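Derivation of every value follows stated rules applied to the coordinates shown; laboratory data play no part. For clarity, every value in this text was computed on a predicted model and none was experimentally measured. Neighbour counts run over all protein chains shown; Cβ positions are idealised from the backbone, glycine included.
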Amino acid sequence: MQCLVLAGGLGTRMAPVTERVPKCLLEVAGRPFAHWQLEWLAAQGVRRVVFSIGHLGEAVRAELGDGGRFGVELTYVDEGPVLLGTGGALRLAVERGVTEASFFVLYGDSYLTVDLAAVARAFTDRRAEALMTVFRNRGRWERSNAVFDGESVVRYDKTLAEPPPEMAWVDYGLSVLSSAVVLETVPAGGPSDLADALHRLSIQGRLAGFEVTERFYEIGSPSGHAELEALLRGRAGAGSSAS
């Protein structure tokens, strides 16, 4: 299945370095983060990747090229000078005709360990139009935002200051969407947030869920960046010791 990577944002939590380096190219364990992400996607069997770019997008193109050295075929969709947010960028990619009938959606600052083939099977087996991966977070790494009943995300809401006890899961950073549901739920013509569309799908009973049991990593915050740096350097050290 194809994957769309949302990588056009300003990365304000990582400023000032993101004023000159796009967030997806921040160095982690000696390499631009997007290198790690693309190699993980290729190892999971993904061969077609769309990068949604905006802020410092030309730097992303120059660094990643056509994706061949990572084992993927890269296509770009550029938001231009007026950033559209995660929802607007997603809709733009669909409107440009570069997305397939259904595809993974991955945030450009997320490093995950989930089995993508299992997620794709769940999406297909449930005949879903939208699926969100969730992790039973219980507020540990960030504020929980999802209620999961074992099959569906019955409520997804990032706006609550005090989530209710049943809201023990958090958006894992990976979804599967159909192009049709994007055009239906994401407003046209301006900036929007993907979270708003997913919220509406959840309360309409149209958002399938897939529970992941291993935690996520991200580079969108200084603490998250430091955690992933430690993880990847630890893996490299373990590999050197084993050899």
Taking N as the number of residues in the chain, the ratio of its alpha carbon radius of gyration to 2.2 N^0.38 Å works out to 0.97
Residues whose modelled amide H sits under 5 Å from the amide H of A130, counting only those 5 or more places away in sequence or on another chain, are A208
For segment 1-57 (alpha-carbon point model, no solvent) the Debye-based log₁₀ I(q)/I(0) at q = 0.16 Å⁻¹ works out to -0.51
Quick calc, the chain, dipole around Cα centre from Cβ unit charges on Lys, Arg (+) and Asp, Glu (-), nearest 20 debye, gives 260 debye
In whole Å, largest first, the alpha carbons of segment 4-146 cover along the principal axes 43, 37, 30
The chain: relative contact order from alpha carbon pairs under 8 Å, six or more residues apart, as a whole percent, is 24 percent
